[in-house]
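One structure is given below, encoded as structure tokens.
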Amino acid sequence: MASTTIVRAGSHCFVGNIVVKSAFLVCWITLAALASAQNSTSSSPPLESISPDPQAPAGAASQAPAGDDDQNGFVFKKAIEEVVLRATVVDNQNRLITDLAGNNFAVYEDGKLQAVTSFRKERVPVSLGILIDNSGSMLPKRAKVNEAAMQLVDGSQEGDRVFVVNFGDDAFLDQDYTQDVGKLRAALQRIETRGSTALYDALIASADHLNQSSQLQKKILLAVTDGRDNASQATFDQVLHKLQSKNGPVLYIIALEQDQQRVDDRRSLTTLAERTGGTAYFPSSLDEIESITRAIARDIRSQYVITYRSSNPHASGVYHSIQVQALAGSAPLRVQTRAGYYSGELEAEQSH
């Protein structure tokens, strides 16, 4: 079992690459609790700190129990590569299509048609991380952003687990996993403006937090920002690789418009979201945020699960592209799912 690093600094605790705000006493209580958890065989696996080397492979992921063919989008067994996709389907009017059968889908990996081994619709609990930009320019927008985020929380179902990260130069874990609406609201209201925006670092740290500590199969990140990344140590390619790991989360981004927002910034955010099966939204006004979070909640609960056994050879670290087509009559349909994955990294991740 990998070790957990907790560093006490002033009035903050640091868990991995996310800063956990707390009083001096709470830091020591947290340290003692985690130390106790590491010595207990019945406790959940501890958090791991994010690697200081952004080139390092993704953090360790818990091995799925025998017979579990579904873990956050992808399951890979040592002898046979099985891929599990979660897909949302919409028509040309962007309306959800929820009545398709397995024979309506065709799956291609690296351009080769794959044999689908199982198909179902799902409604399972979700691990959700809400990441809010805490830079100074967000201050006048936070009230509406917070209410929209709470709308997503209010739409959750029994068994969902939600955490809140506020990020500026650093990512602060202001509330770890909970279903307590009061605690989540309080965490969203902890506003301490910080000048820079380290979005990529916050995404990597939050993805690691999900992979290392969530026992739920379905993992989602929602990031809200109004500025381009200008403070991260990680690069765009590194965060994209992290999100496209086998156990990577689905990412939704709400990027509030700014005059200085460039076309390539929008393209980068769109790529990060869509490669994971999520969506990047660019509202022109704050009034659009609530409808966007309702759409995200709808998408999360309206997914098909498609499993196929890959027919391609899988060398370690090789990227495999995925294309899923949905056919139903003559109407064009669009499938939203992962664009691909990096193969051969499961055993390496488990050995860390």
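Residue by residue through the stretch 83-121, note down the ones that are in a strand (DSSP E or B) and either of a type in the set (G, A, S) or under 23 Å from I292 (Cβ atoms) (or both).
R86, A87, T88, V89, V90, D91, L96, A106, S118
Test T271 against the stated conditions and say whether it is closer than 20 Å to V90 by Cα, surrounded by 21 or more Cβ atoms within 10 Å (Cβ to Cβ) and within 21 Å of the chain's Cα centre (by Cα).
No, not satisfied.
Could you tell me whether any residue of the stretch 219-230 is in a helix (DSSP H, G or I), over 19 Å from the mean Cα position of the chain (by Cα), surrounded by fewer than 19 Cβ atoms within 10 Å (Cβ to Cβ) and not hydroxyl-bearing (S, T, Y)?
Here is the first cut: in the stretch 219-230, the residues in a helix (DSSP H, G or I) are none.
Looking through the stretch 219-230, none of the residues is in a helix (DSSP H, G or I), over 19 Å from the mean Cα position of the chain (by Cα), surrounded by fewer than 19 Cβ atoms within 10 Å (Cβ to Cβ) and not hydroxyl-bearing (S, T, Y).
Among (1) more than 21 Å from V126 (Cα to Cα); (2) in contact (Cβ under 8 Å) with a residue 60 or more places away in the chain; (3) exposed (fewer than 15 other Cβ atoms within 10 Å of the Cβ), which single condition is R298 missing?
In the conditions (1) more than 21 Å from V126 (Cα to Cα); (2) in contact (Cβ under 8 Å) with a residue 60 or more places away in the chain; (3) exposed (fewer than 15 other Cβ atoms within 10 Å of the Cβ), R298 misses (1) alone.
Criterion first (small (G, A, S) and either closer than 30 Å to L113 by Cα or in a strand (DSSP E or B) (or both)) does S316 satisfy it?
Judged against the criteria, S316 is a match.
One residue is enough: does the stretch 337-346 have a residue meeting the conditions crowded, with 17+ Cβ neighbours inside 10 Å, farther than 21 Å from K219 by Cα and touching a residue at least 24 places away in the same chain (Cβ under 8 Å)?
Looking through the stretch 337-346, none of the residues is crowded, with 17+ Cβ neighbours inside 10 Å, farther than 21 Å from K219 by Cα and touching a residue at least 24 places away in the same chain (Cβ under 8 Å).
Going through F119, F74 one at a time, which residue ends up being assigned by TED's automatic domain parsing to the domain that holds E192, surrounded by 14 or more Cβ atoms within 10 Å (Cβ to Cβ) and at pLDDT 85 or above? Step through it out loud before you land on a result.
Values: F74 fails: at pLDDT 85 or above.
None of the other options fit; the residue is F119.
The values are calculated or read from the model by the stated rules, or taken from the named source; none is laboratory data. Keep in mind that this is a model prediction, so the values were computed, not measured. Every residue, glycine as well, gets a Cβ built from its backbone with ideal geometry; the counts of neighbours run over all protein chains shown.
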